[in-house]
1. Counting only chymotrypsin sites (Phe, Trp or Tyr not before Pro) that are in a DSSP loop and have at most 16 other C-beta atoms within 10 Å, tell me the longest site-free stretch of the chain.
2. Pop a pseudo-label 7 angstrom from the Cα along the beta-carbon direction at both L124 and D74 and give the gap in nm to one decimal.
3. Run lengths n ≥ 4 of DSSP H only: what is the helix-derived mean residue ellipticity at 222 nm for the chain, with -39500 (n - 2.57) per run over all residues, to the nearest 500?
4. Along the charge dipole of the chain, pointing to its positive end and built from +1/-1 on Cβ of Lys, Arg, Asp and Glu, which listed residue (I113, A189, Q260) has its Cα farthest out?
5. Determine the alpha carbon to alpha carbon distance for each of K127/K148; K196/K258; K48/K258; K164/K190 and list only those over 18 Å.
6. Suppose the chain between T165 and Q242 were pulled fully straight at 0.36 nm per residue; how much longer would it get relative to their current alpha carbon spacing?
7. With bins 5 Å wide starting at 0, give me the P(r) of the stretch 74-162 over every alpha carbon pair, in whole percents.
8. Treat each spin label as a single point 7 Å out from the Cα along the C-beta direction, and report the F186 to R57 distance in nm.
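We did not get these values from a lab; they are worked out from the coordinates using the rules stated. These figures come from a predicted structure and were not determined experimentally. Don't worry about glycine lacking a Cβ; one is built from the backbone with ideal geometry, like all the others, and counts go over all protein chains shown.
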Amino acid sequence: MSEKREGRIWIDGMDNVFSGQTIANFDLYEKLPQSRPVRVLPDVWVVKIGGQSIMDRGREAVFPIIEELVAAKDAGFQFVLCVGGGTRARHSYALGLDLGMPTGALAKIGASIPVQNARMLQMLTAKHGGIMVYHDDLEKLPLYLATKCIPIMSGMPPYEFWEKTPTMGRLPSHRTDAGTYLLGEFLGAKGVIYIKDEDGLFTADPKKDPGAKLVSRADAGELLKNGPDDLIVERVVLEYLQRAKQVREICIVNGLKKGQVLAALHGKSVGSVITAGTPS
């Protein structure tokens, strides 16, 4: 039964901490329960294959990684496979910038390329249960995993025209590294692994600086303050990592080195781990 109170519609039984409040009121948040959210798929890994670092290298790089992932599936590991856009996405961004496209349009354009890569991965893994998963089908993940499929997705988050304005320039901040991490955080995943073409995080870009040193473990906040300008993952991932409730570290491994992906799934110390720092 509804009635009006102080000019507002009121429904019996709907009294709660938000009643008669604006959700924009920060003082209200101190009254909210502090329990952690439910982990939707806590035994599932979210794994991303780099676009430029892996996919653009073709068969020589991609096939051995697929073999490792199929072996992991056969060994009982469950994972969702995401993929980046690579050089073609960068070309599209460059053209879009030259043509004066706003950030939202660039995000929409950039979102099409990782879908192409995901479709190729799906075809390559079809005989092993590879299945293409679009954002609208996300609720079907438990079914796909229960039937021993390998769910494959674009790493790009579906902000597209609603992409946030970046602090610098017009390129979308939320690209495939960010989308992969946000998926893992939502699922309460066992972990998030990025498959790149480097051994992990370095003090500088090792392709440009031969003196760069590998950093096996780092704090996200410290990296944002004092890390190199050219980070191995998108900066927004480190920002989200610091206030995460579920996935509070990410792992970066070298997919060009046989066994690194399987080792990371087994929890062995490989590559680099970036942590959230002090628990929130």
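1. Looking at the chain, 135-280 is the longest stretch - no exposed chymotrypsin sites (Phe, Trp or Tyr not before Pro) with at most 16 other Cβ atoms within 10 Å.
2. If labels sit at L124 and D74, their model points lie 1.8 nm apart.
3. -10000 deg cm²/dmol
4. Looking along the dipole axis, the top candidate is Q260.
5. K164/K190
6. Extending this stretch completely gives an extra 25.7 nm.
7. Over the stretch 74-162, the share of Cα pairs per 5 Å bin runs 3, 15, 22, 20, 15, 11, 8, 5, 2, 0 percent.
8. Those two pseudo-labels are separated by 3.0 nm.
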